[in-house]
1. Calculate one ³J(HN,Hα) per residue across region 70-76 by plugging θ = phi - 60° into the Karplus curve 6.51 cos²θ - 1.76 cosθ + 1.60, and present them in order as whole Hz with x for glycine and proline.
2. Sorted by average packing, counted as other Cβ atoms within 10 angstrom per residue and highest first, what order do 105-112, 6-13 take?
3. How high is the relative contact order of region 29-163, given as a whole-number percent (alpha carbon pairs under 8 Å, six or more residues apart)?
4. Which value at 222 nm does the chain reach when only helices count, each DSSP H run of 4 or more adding -39,500 (n - 2.57), with the total divided by all residues and rounded to the nearest 500 deg cm²/dmol?
5. What net charge is computed for the residues neighbouring Asp72, neighbours being all others with C-beta under 13 Å from the C-beta of Asp72, Lys and Arg scored +1, Asp and Glu -1?
6. So if we plug the beta-carbon distance of Thr44 and Arg24 into 1/(1 + (r/R0)^6) with R0 = 22 Å, what FRET efficiency do we get, rounded to 0.05?
7. Sequence neighbours fewer than 8 away in the same chain don't count; with that in mind, list the lysines whose C-alpha is under 25 Å from Lys129.
8. Based solely on C-alpha atoms, express the radius of gyration and the Dmax of region 29-163 in angstrom.
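Read-outs: derived from the displayed coordinates by stated rules, not from any lab. Please read all numbers here as calculations on a predicted model, not as lab measurements. Please note: Cβ atoms are built from the backbone with ideal geometry, for glycine as well, and neighbour counts cover all protein chains shown.
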Amino acid sequence: MEYKMNSNEVTAATQYWLEKRNVRIEDIAELTYALQKDYIDGLTLEECAKSVERVLLKREVQNAVLTGIQLDILCEQGALFAPLQDIIKHDEGLYGVDEILALSVVNIYGSIGLTNFGYIDKMKLGVLKRLNDKTDGCIHTFLDDLVAAIAAAASSRLAHTHQSGSKVDEN
């Protein structure tokens, strides 16, 4: 008989794998804050963290995170076939599949997420700098883009929630 994980188990697995890869909600909240602090008066890191948590409840986000992390781990183990093994290991610029997976997360709260993602991915702030420096011996070809996408989506969610200076949408 095949076992199917329920929503709570998938959510817990997503959180587990992010933490196992040394990415905390607070790390993503800091990126979200950096993206929105100039646009939302009184924005707090706590509000950003809640927005990140809401984004992480979406099944398509969970699926993207779990897929990306598994591909990074398989690459660390040398378990991918050539030439994909080297392409992911070296995060080759023309590969782009890591960004495509991240884009499935970016657009959850509208097209503003794309602008946020492009900016944060280029600037490599906070946790993104650490994930890209490759000094921890881990491969984060997919995870760095997924973290940027989650922050971008959380930022977009906040922008929608605070449009015209008042809270309007809590989804």
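1. For region 70-76, the Karplus curve yields 4, 5, 4, 5, 4, 5, 4 Hz.
2. On the way: 105-112: 20.0, 6-13: 12.5.
Ranking the peptides 105-112, 6-13 by packing returns 105-112, 6-13.
3. On the way: 168 pairs, mean separation 52.2, N = 135.
Relative contact order comes out at 39 percent.
4. Values: 9 runs with 110 residues, N = 171.
The helix-only estimate for the chain comes to -20000 deg cm²/dmol at 222 nm.
5. Details: positive: Lys20, Arg21, Lys89, Lys134; negative: Glu76, Asp91, Asp98, Asp136, Asp144, Asp145.
Charge balance near Asp72 sits at -2.
6. On the way: r = 17 Å, r/R0 = 0.76.
Calculated value: 0.85.
7. Lys20, Lys37, Lys50, Lys89
8. My reading of the Cα-based Rg and Dmax gives 15.0, 50 Å.
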